[in-house]
Structures are given as structure tokens and as C-alpha cells.
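Please treat every number below as a calculation from the coordinates, not as lab data. If you're wondering where the values come from, they're calculated on a predicted model, not measured in any experiment. Cβ coordinates were reconstructed from backbone atoms using ideal geometry, including for glycine residues, and neighbour counts include every protein chain displayed.
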Amino acid sequence: MDTGLIHINHTGRLGRITLDRPSALNALNMDMLEGIDACLRAWRDDPAIETVLIDSASPRAFCAGGDIRAIRKRLETGGLEDGAMPFRYSYRLASVLAGYPKPVVSFMDGIAMGGGIGLGGHVRHRVVTERAILAMPETAIALTPDAGGSYLLSRAPGLSGLRLALTGGRMNATQAIDAGLADRMAHSSTLDAIRHALTRQPAGRVMDSLPPCAPMDAGPDTATIAPVYDAPDIPELLHRLRAHPAAWARADLTALEAACPFSLCITLAAWHAARDLPNLDHVLEQEFQLVCHLLQRPDFTEGVRARLIDKDNAPHWIPDRVDVVRPHEIAACLHEHACQPLGLVTASLDK
């Protein structure tokens, strides 16, 4: 099976799904999502497939996320439900991968962001390389960490996940492992050998045999960021960052000042709410409704224009300051459905 954008093959005990849309950094469109889902369903009960590998044909990117330009176009031409459809498919796919009955291995080599984390970050064996760049950068385009990203970040040590959710900070391999978004590091030069081993041996045995790699820069530790990120709201967080002398705090401040104010406030609330939700499926349901609310706001269209289309990096946010975001609007996004639920859980999201 070969759709042109994904290549699917079976060698030995290994079923391999390879993303091949290099011009878009493997951004996931509907054809790719449907193809991956169909493949996983076919392999679920196939006794010849013992392990599934998801990787990329390009060393530059595993997957940069969803096809945001296409989502914006769907939203403009088909309305909210149509614009939200790729998110619906992506979130359901993340749930399928997390509960898949066979070992799934992801090679997050190169860029893995947003929906790419949803594809590679919920599987049983998550491998990163020295080229890996992981991030959930949604606040820069007026969204919020999604595809299960807020689940992973809400389970990260201390307040490190909150920092990553708000800033969209980029993680190297060591930082991704420390945050719980990956399990093992392997040098990119060894990936072919690992693939070959997976065709002959159980995935767990192959992963356990990987040699250790030298750690990369781990960044500020959880104790260092805690006095800043335990702020009760975004205005206070910005105040603390402005007063902090460290280089990491200045970089965080720059990122937050460029992000969408409404998305920052939503992301703070969503991160805390996700910590109280029992499992990934509940968090995916919460994320989907939040994204549907955000898709209806003018900030999303403006963020995509400024970051991805015109690339002037000068979005005009409404509102343009965090201190005028209305708390009742944030609460409404968390507790009111904007679209039909995913159907992953039956419990109400209302508290």
C-alpha cells in the first residue's frame, strides 16, 4: 500500500508506516490521517504483524503537525465542523495509538511538533535522536496544545510541562525524555540498524539493547522555574518573568509576549484541568472542545496569516493583552461544547 504521502510495507514481523511529504515537513492532511488509521485497523488482528513502526522518509522532520493552512481553508469554506474534522481524526488516531494492542515504535527524528507529537508521542516505544526538535507551539497561532499534548505536558515533572505549553519551547532529545514525551535516545546513524532488528526481534528486546547516548543540554531544572511558573495567572507570570535575571526567563518572556493572549489564558487553565482528568481520552475530549472554540475566534485566522501565510510575524490579537481576557470566556471554553464530542468517553466534561 502506498498513498504517495505515506508508504506502508511489511518486512518480517514489522509493519512500517513512513511519512513522505517533505515539502510540508510531513504535515498531516486528511488523506494521511485516514491512510494511517486504515493501516492500523488492518494490522490490529494480522498475526504476521508483531510490531508497528512509524517513521519519516526525511531526516529533517518526523512530522511538523497538522496541515494548518488546509484547516484554515476548510474552516473558511465549510464552517466549524468541517474545519475541525482533521482535529477529530487526529485525536481519535492518538487514542488508537495509545491503546494499540501491539507494540508501536516511533522514530521522532528531526522536527516533531503539535500533531506530530500526537502521532509519535503516545506509542509504547518513543525514540528521539540528536536531530530531534519537539515542541507544542500552538499558542503562537492562537490555538492550545492538542493531539494529547496537554496530557503529556500535564504529567511532566513539576511545572516544566506548563512552561513548554505556554512558550511552545523547543526540546532536544534529553529535554523530551525528561519531560516524558520520549523514552530513549538513539543516534540517527543507527536507525536503519534498529529498523532491521525490529523485523526480526520483539520491540521490547530491541529497545532494551540500544546503547546509551551522551546527554544533551537539559535546560533549567524544575526547581529553578517553579518560583516563576507557579503564578496564579498569566499577568502575574509575565510580571515574574520580567523581574527574573536569567537568560531562559528573558527568552520565555519574548515567546509569551508574541503569543496569542487568549490562547495563553486558555492554555494555563487547560493544563491545570488536564492534571485532574483521569486518562488520555478524557484530555483529548477536553482539547477537542477547546480547539473548536478557538477555531471560531478571529485570532486563529490571524495567527495563521501572520505566522504561515504572510509570515510577517505581526499578528493583531483580539484582545491584545492578557489582562483584559475575560475569565468567564475562558470558563465557557472549558465547560461548554462547541462541536459534537469525539465519543472517546461518556462522562461529561462539566465539573
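By definition, a body whose alpha carbon gyration tensor gives a ≥ b ≥ c is oblate when a/c is 1.5 or more and a/b is not larger than b/c, and the range 220-351 fits this oblate description.
When the scattering of the chain is computed by the Debye formula from its Cα atoms alone, each counted once and equally, what is log10 I(q)/I(0) at q = 0.11, 0.12 Å⁻¹? Computed log10 I(q)/I(0) values: -0.70, -0.84. Residues 163, 242 in ascending order of nearby Cβ atoms (within 10 Å, fewest first): 242, 163. Residues 228, 96, arranged from fewest to most other Cβ atoms within 10 angstrom of their Cβ, appear as 96, 228.
Can you classify the range 32-150 as rounded, prolate or oblate using the Cα gyration tensor, where a ≥ b ≥ c are the square roots of its eigenvalues, rounded means a/c under 1.5, and otherwise it's prolate if a/b beats b/c and oblate if not?
On the way: a/c = 2.11, a/b = 1.31, b/c = 1.60.
In terms of gyration-tensor shape, oblate.
Please say if the range 53-95 is rounded, prolate or oblate, where rounded means a/c under 1.5 for a ≥ b ≥ c the square roots of the C-alpha gyration tensor eigenvalues, and otherwise the choice is prolate for a/b larger than b/c and oblate otherwise? Could the numbers behind the result be given before it?
Working: a/c = 4.68, a/b = 1.76, b/c = 2.66.
Judged from the Cα gyration tensor, the range 53-95 comes out oblate (a/c at least 1.5, b/c at or above a/b).
Got a sec? How would 222, 174 order by Cβ neighbour count within 10 Å, fewest to most? Can you show the working numbers first?
Values: 222 15, 174 20.
By the 10 Å Cβ count, ascending, the order reads 222, 174.
Once backbone amide H atoms are built at 1.01 Å from N, residue 133 has 110, 111, 112 as its partners under 5 Å, excluding neighbours fewer than 5 places away on the same chain. For the chain, the residue among 322, 295, 279 whose Cα projects farthest onto the positive side of the dipole built from Cβ charges is 279. Taking the chain, the Cys residues with no second Cys beta-carbon under 4.7 angstrom are 39, 63, 213, 260, 265, 333. The relative contact order of the chain, computed from alpha carbon pairs under 8 Å that lie at least 6 residues apart in sequence, is 16 percent.
Rounded to the nearest 10 degrees, the inclination of helix 261-276 to the longest alpha-carbon principal axis of the chain is 60 degrees.
Round to a whole angstrom and tell me the spacing of the C-alpha centers of the range 229-294 and the range 1-62. Here the two parts' Cα centres lie 33 Å apart.
Treat every Asp and Glu Cβ in the chain as -1 and every Lys and Arg Cβ as +1, leave all other atoms uncharged, and give the resulting dipole magnitude about the Cα centre to the nearest 20 debye. Could the numbers behind the result be given before it?
Numbers: 34 positive and 41 negative charges, 132 e Å.
Taking the Cα centre of the chain as origin, the dipole is about 640 debye.
Annotation for the range 180-219 versus the range 116-177: alpha-carbon center distance of 19 Å.
To the nearest 20 debye, what is the magnitude of the charge dipole of the range 59-105 about its Cα centre, counting +1 on the Cβ of each Lys and Arg and -1 on the Cβ of each Asp and Glu? Please report the intermediate quantities before stating the final value.
Working: 8 positive and 4 negative charges, 35 e Å.
Value, rounded to 20: 160 debye.
Picking from 123, 322, 105, which is most flexible by a Gaussian network model of the chain using Cα springs under 10 Å? The residue that fluctuates most here is 322.
Among the DSSP beta bridges whose two residues both lie in the chain, what percent are antiparallel, rounded to the nearest 5? If you can, show how the numbers build up before the last one.
Numbers: 8 of 29 bridges.
Taking every DSSP beta bridge with both residues in the chain, the antiparallel ones total about 30 percent.
Between residue 30 and residue 189, the FRET efficiency estimated from the beta carbon spacing at R0 = 35 angstrom works out to 0.55. Adding -39500 (n - 2.57) for every DSSP H run of four residues or longer, then dividing by how many residues the chain holds, sets the calculated 222 nm ellipticity at -14000 deg cm²/dmol. The relative contact order of the range 286-351 comes to 41 percent, based on Cα pairs under 8 Å that sit 6 or more residues apart.
Assigning unit charges at the beta carbon (Lys, Arg +1; Asp, Glu -1) and nothing else, what dipole magnitude in debye, to the nearest 20, does the range 220-351 show about its Cα centre? Please report the intermediate quantities before stating the final value.
On the way: 11 positive and 19 negative charges, 52 e Å.
For this selection, approximately 260 debye.
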